[in-house]
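Have a look at the structure below, then the notes.
What follows is calculated from the coordinates using simple rules that are stated; it is not laboratory data. Treat the numbers as computed from the prediction; the structure is a model and nothing was measured. Positions of Cβ are generated from backbone atoms using ideal geometry, with glycine treated the same way; all protein chains shown enter the neighbour counts.
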Amino acid sequence: MRKRIMICLALLLVVPGLLFFTSCAKKTVQSEPTLTQQPQQPQVQPESAQDDAAAILAAEKANQEELARQKALEEEQLKTAAAEAAEAEQSEAMVARNMFVNEDIYFEFDSYVLSGAAQDILMGKAQWLRINSDASVTIEGHCDERGTNAYNLALGDKRAEIVKGYLVNVGIAAGRLMTISYGEEHPVDTGNFEEAWAKNRRAHFVVD
Amino acid sequence: MITGFQKKIICLTGTFILFFSMSGVGLADYTYINISNPFLRKVPIAIPVFKNLSKNSMDAQMARQAADMLSDALEFTGYFKMLDRGAFLINPGGLAVKMPEINFKHWTVIGSELLITGAYLMNGNQLEIELRLFDTIKEKLLVGKRYKADKSDQRQILHRFCSEVIFHLTGTRGLFNSKIAFVSTGTGNKEIYACEFDGYHPEQMTRTKHITLSPAWSSDNKWIAYTSFINGKPDLFIRNLRQKRGAIVAKKGINATPAWVPGQFSLAATLSFSGDQEIYLLTGTGKIIKRLTNSRGIDVSPSFSPDGKQIAFVSERGGTPQIYIKHLETGEVTRLTFEGRYNTQPSWSPAGDKIVYSAMENGHINIRVIDIDGRGLMQLTHDAGNNEGPTWSPDASMIAFSSTREGLSRIYVMTSYGTDQRRLLTLQGEQSNPQWSSIIPNN
């Protein structure tokens, strides 16, 4: 594609050159904006058709060399990345596991509906569960302190179950997912304000 | 009536009672306490220090304490205005405890309508008390009893007399000899405790070292059911209080909010093993008899009508938690609460006509009471922290609840009309989830 554009451009430059071949010998032609990034943009001097053809060939060669260099660089980078990944595999698994455990699913007050953000997090959790196919987890349902503790025990149960249901729907075996409701009994933040309550309305994952 | 009462007396070791007056018992016309709103006007009553008949002057102090104990118990009910002893006109010859020595003018002039006199005799460890209730205006003996018992039974004897007094004045036996179970965090974990109706003698009943919640008394007070995380998840424990036996309901999900069927060895509880929280009827041994609710979403917190034919419960079937009533024979379900978006914790009055519950509005939780036909909604607590977990006294005259009005959550009591709100007791940690028992039979 790039080659064809080059040729078309070259022809566009050459034809008027042939028509008015002595008048503007020193005039340089600005390239098209799409081509400004091309290294060593050939400045065509329309003196003869033969020279032009040679210039096109030279430009093309230079371009190909550049592409080859870039490809080599990319391959090198990929190799380095792979090597780094291999080195960090152990710690990365740990990071993934920690993220799996530490990233809670949050709910609105008196609700067990999964928000878009909650579903995004759950997709990540499902991915972790697919990679770690031998892991079993417990999903804890929690509530904020408002409301009554009997109702909150039921609400926490609902939250844990809805999270489990989502993961089962995306293909995680139900047998790997236990649920437990703690109601309002285990707040992470004992504060008496919305910021604390919001942190407490959660589903939390524990790897068994 | 007499036979029933005597049977009870035989049960109380070392105690007997002589009836030297039966006037009016069971025939009272309850003009003393207005049943339709008994707390609107408190009846002025005089309870002078009991007359000490013992030789030992140490016993005079005990006679005073006994009179105070009787006075406190009656004051607790909210029916009475206790008159100040400083205003009493006592003859130099000492207190006149019976007719015709009593000069009733001395009592009516200070505003008293009722008078209780006591004669107190301590003989070694044996206690003899004569107690009399008079109508000072009609100049009439209403109740007279004589008790003889071991010293250690004094509190029980005095409360039995209170029970006689309340029965004479209102037609119900009152709340004396009942207990209140509740949850306290004093040990660092939520455990079940119980105290007497007036907050006296709190005792730790469970030692689970885990979260333990929602105590429920069977109507004979021999069993208690509660939810505990002792095995890592919310299971239901059904425990005999005297013998070391009981049952555990440990199904998948939650096993919670027990409520006993009045007069039966069976209970309702919320189980979620099906994946949905539904209320089930269980035997006292924890076997499922049948499912009582059937609706997607949360159904929780049953409370039986006194005849056991209906339950009030919480359901979110309408989108928000509200109180519903289900007739167990017809299966008919009606929604009871429509005001507010968060109504939970129903408790059906032992008198049958009302349901008390907690309502959250504008971020605050308050106690409300409503007639079972949905009329007569009344809020009983206002602008005083969060107020939760209401429970009726066995005579339906009072309501216990928990409140954060003084900071930490404590147990409070009030009359069923919301008057006379006061803290029941102060313990280490926080207290919540009170459950009032029936009247404990004397055995």
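Annotations
- Shape metrics for the stretch B:118-213, restricted to C-alpha atoms - Rg then Dmax, Å: 18.5, 58
- Taking chain B and dividing mean pair separation by its residue count, relative contact order in percent (alpha carbons under 8 Å, at least six apart): 11 percent
- Modelled FRET efficiency - R0 60 Å, residue B:333 with residue A:68, Cβ distances, 0.05 increments: 0.15
- In degrees, nearest ten, helix B:154-170 long axis to first principal axis of chain B (Cα): 80 degrees
- Between residue B:54 and residue B:245, the FRET efficiency from the beta-carbon distance, with R0 = 56 Å, is close to 0.80.
- The convex hull defined by the C-alpha atoms of the protein assembly as shown has an orientation-averaged projected area of 45.8 nm².
- Charge-dipole axis of the stretch A:114-208 as Lys and Arg at +1 and Asp and Glu at -1 on Cβ define it, positive-most pick from A:126, A:162, A:139: A:126
- Share, in percent, of DSSP beta bridges within chain B that are antiparallel, nearest 5: 95 percent
- Which of B:185, B:273, B:318, positive extreme of dipole for the stretch B:179-439 (C-beta unit charges): B:273
- Order of B:200, B:324 under a 10 Å beta carbon neighbour criterion, fewest first: B:200, B:324
- Extension gain from residue A:168 to residue A:208, taking 0.36 nm per residue of separation minus the Cα-Cα distance: 12.6 nm
- For chain B, a Kirkwood radius taken over Cα pairs fed into Stokes-Einstein (4 °C, viscosity 1.567 mPa s) yields D = 56 µm²/s.
- Pairs of alpha carbons in the stretch B:117-169 separated by more than 13 Å make up 59% of all such pairs.
- Spin-label pair residue A:97-residue A:133: with each label point 7 Å from Cα along the Cα-Cβ axis, the two points sit 1.9 nm from one another.
- Debye equation applied to the C-alpha atoms of the stretch A:103-207, log10 I(q)/I(0) at 0.16, 0.18, 0.22 Å⁻¹: -0.63, -0.78, -1.09
- The stretch B:359-401 - percent relative contact order, Cα under 8 Å, separation 6 or more: 29 percent
- When only Cα pairs below 8 angstrom with a gap of at least 6 residues are kept, the stretch A:103-207 shows a relative contact order of 40 percent.
- Three principal axis lengths of the stretch B:353-443 [C-alpha, angstrom, descending]: 48, 40, 19
- On Cα atoms only, tilt of B:2-11 relative to the major axis of chain B in degrees: 80 degrees
- DSSP beta bridges in the protein assembly as shown [antiparallel fraction, %, rounded to 5]: 90 percent
- Helix B:58-76 and the long axis of chain B differ in direction by around 50°, with both axes built from C-alpha atoms.
- Zone residues, the stretch A:168-208, relative to residue B:364, backbone N less than 16 Å from point 7 Å out along Cα-to-Cβ: none
- Within the shell defined by Cβ-Cβ distances under 13 Å, the residues around residue B:112 carry a net charge of +1, with Lys and Arg each +1 and Asp and Glu each -1.
- Whole-angstrom Cα spans of the stretch B:179-439 along principal axes, big to small: 43, 42, 32
- Ratio Rg/Rh [Cα only; Rh per Kirkwood] for the stretch B:247-342: 0.95
- With each label modelled as a point 7 angstrom along the Cα→C-beta vector, the residue B:264-residue A:192 pair spans 4.2 nm.
- Relative exposure of B:239, A:159, B:335, judged by other C-beta atoms within 10 Å (fewest first): B:335, B:239, A:159
- Net +/- balance of residues flanking residue B:320 in space, Cβ distance below 9 Å, scoring K and R +1, D and E -1: -1
- Environment charge at residue B:101 (Cβ cut-off 12 Å; Lys +1, Arg +1, Asp -1, Glu -1): +3
- For the stretch A:165-208, the share of alpha carbon pairs falling in successive 5 Å distance bins from zero is 5, 18, 23, 18, 13, 13, 8, 3 percent.
- Calculated [θ] (222 nm, deg cm²/dmol) that DSSP helices of n ≥ 4 give over the protein assembly as shown, each run adding -39,500 (n - 2.57): -8500 deg cm²/dmol
- Only Cα sites of the stretch A:43-160 enter the Debye sum here, all with the same form factor; the resulting log10 I(q)/I(0) across q = 0.17, 0.22 1/Å is -0.97, -1.19, listed in q order.
- Among the residues of A:54-61, the average count of other protein chain beta-carbon atoms within 10 Å of the residue beta-carbon is 0.
- Applying both filters, DSSP loop and at most 13 other Cβ atoms within 10 Å, to the GluC sites (Glu not before Pro) of the stretch B:92-158 gives B:101.
- The mean number of Cβ atoms from other chains found within 10 Å of a Cβ in peptide B:294-301 is 3, as a whole number.
- Residue exposure sequence - A:56, B:157 - by fewest surrounding Cβ within 10 Å: A:56, B:157
- Inter-chain Cβ neighbour average for residues A:177-187, partner chain, 10 Å: 4
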